[in-house]
Amino acid sequence: MRLDVVTIFPEYLEPLNVSLVGKARARGQLDVRVHDLRAWTFDRHNTVDDTPYGGGPGMVMKTDPWGDALDTVLADGYETGARAPALIVPTPSGRPFTQELAVELSERPWLIFTPARYEGIDRRVMDEYATRMPVYEVSIGDYVLAGGEAAVLVVTEAVARLLPGVLGNAESHRDDSFAPGAMANLLEGPVYTKPPVWRGRDIPEVLLSGHHGKISRWRRDEALRRTTLNRPDLIERCDPKAFDKKDREM
Ligand code: ADE
């Protein structure tokens with residue numbers, strides 16, 4: 001998968017060299033390219049923003065640097081054989097970024113991120129590129145960040161770990177909270193490892209029983225308990241058919 005990021009803070013994306021994403025890059029599973037938007041400014045102050053039409057507070061990112069940057073990135077990508085780009089625009093006004101969207105993006109070969117600062121990017125930029133490729137405006141949560149770079153790190157990590165061969169154990173995202181499938185819409189319950197006693201605290205006995213049926217039931221009960229406590233909205237959105245009689249006894 002190819003990832004391009006155009007930003008006025010390239011150094012903010014340094015964490016893409018670390019851990020899971022860094023290793024995926026080193027192995028050649030991810031081709032990540034970070035570009036400085038100011039390389040496409042041609043005035044003495046490398047201006048990327050201007051005052052909003054219609055007035056109001058803050059500044060708006062200008063069309064020209066983004067247009068020139070994206071044209072260059074696209075031309076370069078096509079030249080090196082990349083195909084089917086999609087534009088990812090982090091913004092608090094976007095659609096919620098979910099595991100389902102992470103799966104969808106992980107199936108695309110080429111993602112181009114345009115993290116903005118200030119009040120966002122002139123609307124015409126997204127409208128222009130939407131005539132050529134899918135444009136995903138995504139929000140990582142109901143809060144406002146100072147810019148979209150942290151959202152790029154979030155989306156990249158969620159997507160990269162879904163790529164074939166990136167996670168050591170392909171099974172390990174099957175039970176993820178939010179993964180489609182058996183535990184649909186339930187949060188994962190607690191987990192334990194050795195030693196069996198720590199500061200006088202035991203682990204739940206059932207986990208030592210070797211009884212797979214009982215362990216599965218316990219995990220499901222814990223998932224239900226945690227979801228009810230932390231995310232009742234997820235339970236309400238579940239298909240009632242997803243619950244069995246024992247679930248209802250919880
Ligand atoms: N930029 C600022 N806030 C954001 C958010 N919540 N999600 C994505 N991008 C953002």
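Observations, loosely collected:
- For the range 6-112, GluC sites (Glu not before Pro) meeting the loop criterion (DSSP other than H, G, I, E, B) and having at most 15 other Cβ atoms within 10 Å: GLU107.
- Rel. contact order, % - alpha carbon contacts under 8 angstrom, at least six apart, the chain: 18
- Applying a DSSP loop filter and a limit of 14 other Cβ atoms within 10 Å to the trypsin sites (Lys or Arg not before Pro) in the range 86-180 leaves ARG132, ARG174.
- Eligible aspartates and glutamates near LYS23 by straight Cα distance, threshold 14 Å, same-chain separation 8 or greater: GLU14, ASP31, GLU157
- Loop-located chymotrypsin sites (Phe, Trp or Tyr not before Pro) in the range 1-101 (DSSP state not H, G, I, E or B) with no more than 12 neighbouring Cβ atoms inside 10 Å: PHE42, TYR53.
- Put a dot 7 Å past the Cα of ALA150, heading toward its Cβ, do the same for ASP247, and the two dots end up 3.4 nm apart.
- Listed by chain and number, the lysines whose C-alpha is less than 23 Å from the C-alpha of LYS241, apart from same-chain residues fewer than 8 away, are LYS214.
- Which of HIS211, HIS35, HIS45 has the fewest Cβ neighbours within 10 Å, and the rest in rising order: HIS45, HIS211, HIS35
- Each label was represented as a point 7 Å from its Cα along the Cα-to-Cβ direction; for ASP36 and SER93 these points are 3.0 nm apart.
- Positive-end residue of PRO204, GLY94, PRO190, charge dipole of the chain with Cβ unit charges: PRO204
- For the range 75-194, the dipole from Cβ point charges (+1 on Lys and Arg, -1 on Asp and Glu) about the Cα centre works out to 100 debye, to the nearest 20.
- Cα shape, the range 35-133, gyration tensor, a/c 1.5 rule: oblate
- Prolate/oblate/rounded label for the range 190-247 (Cα gyration tensor, a/c 1.5): oblate
- With only the Cα atoms considered, the chain has a convex hull volume of 189 Å³ per residue.
- HN-Hα J in Hz across the range 198-214 - Karplus 6.51, -1.76, 1.60, θ = phi - 60°, x for Gly and Pro: 9, 6, x, 9, 7, 9, x, 4, 4, 5, 9, 6, x, 8, 4, x, 5
- For the chain, calculated [θ]222 nm from helices alone, where every DSSP H run of n ≥ 4 adds -39500 (n - 2.57): -9500 deg cm²/dmol
- In degrees, nearest ten, helix 63-79 long axis to first principal axis of the chain (Cα): 70
- If the segment from ASP64 to TYR192 were pulled out straight at 0.36 nm per residue, it would be longer than the present Cα-Cα gap by 40.8 nm.
All of the numbers you see were taken from the coordinates with simple rules; none came from a lab. Everything quoted here is computed from the prediction, not taken from an experiment. Counting neighbours? That spans all protein chains shown, and the Cβs are built from the backbone with ideal geometry, glycine included.
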